[in-house]
Each structure stands twice: as structure tokens, then as C-alpha cells.
């Protein structure tokens, strides 16, 4: 028999740290000590005895430093504004969780476990957030078992997301579901993405206005260089955090089959549009990078002269049959020695593109499975094999959820390493 349950509010648990994996695990998967991210309610310090990163409770930071157990990162002064913000952060109700169905899984003999014996249950539930939550970490418990898992991706506020899992219990009514997220990591992800999108919009507007004969080209070029650095720094922060979480609207350039210099796009290319004197030995170089029939993912360009060599990361991608114009300052004795060419990032580019396709396909499959399970739950004329069908969908949803998390972790790792 299926057991219905009422909705419950899922508060942020006061001492749960479920958003980000611990510092040691971050180090093991390749995140440098300098780039380690701390979880909700924690502050990053250096453990004095081992000179390793530790994430400690914000309230204990000053005492640990005073006692000599810890020191600040790079021996800088404690960021008291950040510390107080973490300490004084109030717990909020992040979401309401509604358990939709609790269905006992039939034993091998085809009957449910009787009495107070421990039985396996399929549980379908929905998360309805009051604020956007990135990668909700779900804690599910009963009188017989406790487990938790992560829903990949962002769950938007104002809507509900269906999920499902399995758990053991002797009394189905003892099954409870809460969120381990405290909310500040999700807030950080949303803020970083918003800031990144804003920077991209600024860059797109400047690129659209720039022309070879514009007297403001040098000033615009300087702004392009500044924005590009800010964008890459912001991307690195975002994907480093996503990588630590998962262990997934950008501004697209207008499609144009002509280069900025008026030539027809014929395959991948990089070419200089103009070289302007800045100060003696330093040149403002405006150049374009074009993609042929295939999108270039994670484009990396090498700019060289007789005095300096620079590697530039241009962005997420250059859309097929389009070009991006950008700008760099480079030292040179002879400005005619300045050249640009693709740096050869094809392996990472191809892998990232494949992972994007894989993630999109898995997410589409997950949406379909959730819709099918939801229809099954709300069907007034339930089939005789309802429990078996319910179990099959729970198994499939669990498999897809795990596959998406693994793929997103790998995708975020590639982007983190690219922009690091």
C-alpha cells in the first residue's frame, strides 16, 4: 500500500556542512591550497603545525589564531567584515519538501515485509524552494537508516522539483526528509553567475561598437582587456566552486559568416586587425579569432613578439561560423614581429563539448523519468503492477542523477583548470 505524507518545511540545519566537500578532498581532486573553498559557516585558515588549509567555525577563528593553532592565509589580516558576515548569518527556511509516495518494495516472494520487520521503501518527493538552491543536498532518515544525496544543478524558486530514492524502515511514518544546505553557497553561485553575465554583456556591447577606424579604439581596447581578465577570474571562481560541489545564460555573439575584416570565414583562424603604439616598446594589438563550421570550445590564443609571449583564454566558446574581436597589450622591439595563433586546446575543448552533450542528454532523460513517475503517482486508475513500475522509475532516476553529478564534476574540472 502506498503511504501519503504531508509537506514539511526544510530549514537549514545549524551545523550541517553539505554544500562543499572538505579541504583534504578538494586537494585530492586537484584544487590548489590557494583555491580551496570552505563550506557554509566555515572560514579558511592555515593550520600552523602542518601548513595546510583548514576550514573552521567562524566563531573560533580569532581564538585559534591567538592560541597559535592557526594563521591567516598568506599571513594577511583577518577579513573581519567577511568573518562577521559568516558569524551573523541567520538560518532561513530554504524549501518545503512534500513526500508524495512511500511504496514498500516487494520481497523476493512477492509480498511486503509484515509487522515491524525492516522493509525497503521507494520514496518519491518534491522540493519547493523559497530561494534558488544549487545542488540541494537531501538528508533522508528513518528508524532504520540514514542517507543523503545531492540533486545536480540549480533548483529555482517558485517551482517544485520531483525526486526519488530508496530507504529501509520498520515504520514508514518514521521516514523524514530535510535539506543539509545552509543557502550561502547557493547564494554565492547565483551571485557569481549574475556578475559573470553582467561582465559578458558589457564586453558584448563594446565589441559591437568597435571598428578599425574608430578613434576610441585604443580606449575601448583597454576596456576589453580589463573586462576579459575580470570575466576569466570570475569564471575561475565559479567553476572552482562548482567543481568542489559536484566531485553545471551566456551572452552569445551575433552569428556572422564574415570576419570583422570583411573576409568570408573559412575554417578556424586568428589574425591581427591593427597594432597601435602605446608607450615605447608596448603595443595595443587588436585581433580577431574565428570559428569555421565547428564551434571552438574553450578557445585559447597565443600572442607572440620578438620580446614576449602571452596566452589568452577568450571565453566559453566561439560559435560556429562567427568571430570574436579582442585586444591585448604586448611588448615588442619590432611591432611587425607580433603574431597571433590558436594555442591548441583541442583535447580539453572536445572533451568539454562531449560532456555538455552528455549532460544535456542525461538531464532530458531525467526530466522524462520524473514526469513519468509524477503521472504514475497521480493516476487515479493505478495499474496492478504499480509498485514494480514505481520501483523501476526510482532506480532509473537514481542512476541518471549519479551520472549527471559525475559528468558535471568532470566538466567543471576542465573549466576550472582552463581558467586557473
### Query
In nm, to one decimal, how far is the modelled label at residue 145 from the one at residue 223, with both set 7 Å along Cα→Cβ?
5.9
### Query
Working out 0.36 nm times the residue gap between residue 341 and residue 361, then minus their Cα-Cα distance, what length gain in nm do you get to one decimal?
3.8 nm
### Query
For region 275-420, what number results from the quotient of the Cα radius of gyration and 2.2 N^0.38 Å?
1.67
### Query
With each pseudo-label sitting 7 Å past Cα toward Cβ, what's the residue 33-residue 264 distance in nm, one decimal?
5.8
### Query
With the Cα gyration tensor of region 23-87 giving a ≥ b ≥ c as the square roots of its eigenvalues, does the rule (a/c under 1.5 for rounded; else a/b larger than b/c for prolate; else oblate) give rounded, prolate or oblate?
oblate
### Task
Return the FRET efficiency for the residue pair residue 406, residue 308: r is the Cβ-Cβ distance, R0 is 45 Å, and the value is rounded to the nearest 0.05.
0.65
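A short reminder: the numbers here are calculations on the coordinates, not readings from a lab. All values reported here derive from a predicted model rather than from experimental measurement. Positions of Cβ are backbone-derived with ideal geometry, glycine not excepted, and every protein chain shown enters the neighbour counts.
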